[in-house]
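The values are calculated or read from the model by the stated rules, or taken from the named source; none is laboratory data. In this text the structure is predicted, and so the values were computed from the model without any measurement. In this analysis, Cβ positions are derived from the backbone assuming ideal geometry, glycine residues included, and neighbour counts consider all displayed protein chains. Heads up: the accessible areas ignore ligands, DNA and RNA and are worked out on the full protein's heavy atoms, side chains in. Shrake-Rupley method; radii C 1.70, N 1.55, O 1.52, S 1.80 Å.
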Amino acid sequence: MNCPYCGHHHSKVIDSRDVNEGIRRRRQCLGCGSRFTTYERLQSATLFVVKKDRRREEFSRNKLLTGIRKACEKRPLPTGAVDKLADDIEAELYHQGKAEIPSAVIGDMVMERLKNLDYIAYIRFASVYREFTDITALKQEVDTLLSAEAEVSQPTSQLPLLPTEELAGIAKSRRRSRR
Ligand SMILES: [Zn+2]
């Protein structure tokens with residue numbers, strides 16, 4: 001394992017712990033002293049991704065991670081959020097126990113999680129993955145997000161215009177005046 005900073009071949013392990021059916025090792029480069037992390041995990045049975053043009057390609061966690069990273073670039077996300085997202089998806093894929101999985105299914109899984117994480121990252125990912133061909137399709141997606149947002153936040157963010165007692169009083173006087 002070469003140092004990602006200087007390419008040196010040797011590093012020492014300064015911490016190691018069990019995580020998600022694997023081992024996470026914190027290493028320090030013996031060349032430049034930089035610290036980096038490696039994961040050791042059991043190689044699961046090979047999983048193939050079936051692409052849109054029906055070609056099959058071995059599932060690559062790196063490729064998945066690259067796509068998510070690109071969408072999340074410069075977004076204020078907690079450290080490790082992107083790796084965790086990729087880990088979750090990878091784990092779920094292997095747990096399904098299938099030999100092949102359509103790329104669209106993986107894309108949907110990413111979208112679903114990004115939606116909960118960061119809207120901008122979600123829109124970026126969607127614009128590549130869904131191949132928005134025009135601004136209208138993009139706007140539709142944004143509108144959907146905004147209306148979902150409004151539905152969730154309405155009950156808490158909107159205060160009654162008048163205190164409840166006053167409203168009750170108005171209702172009463174209206175009823176009276178109708179008689
Ligand atoms: Zn180094």
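Considering the stretch 1-112, its Cα convex hull presents a mean projected area of 8.4 nm². Among residues other than ASP18 with Cβ under 15 Å from its Cβ, the summed charge is +1 (Lys and Arg +1, Asp and Glu -1).
For ILE101, the residues 5 or more places off, or on other chains, whose built amide H falls under 5 Å of its own are PHE48, VAL49, VAL50. Using a 1.4 angstrom probe on heavy atoms only, work out the carbon and sulfur share of the accessible area of the stretch 39-84 in %. In the stretch 39-84, the share of accessible area belonging to carbon and sulfur is 51 percent. The residues of the stretch 37-144 expose, per residue, 65 Å² of accessible area to a 1.4 Å probe. Taken over the C-alpha atoms, the stretch 39-87 has Rg and Dmax values of 13.3, 36 angstrom. The distance separating the Cα centre of the stretch 1-64 from that of the stretch 90-129 comes to 20 Å. Amide H contacts of SER16 (H built 1.01 Å from N, in plane; Pro and chain starts excluded): ARG26 sit under 5 Å, all sequence-distant by 5 or more or on other chains.
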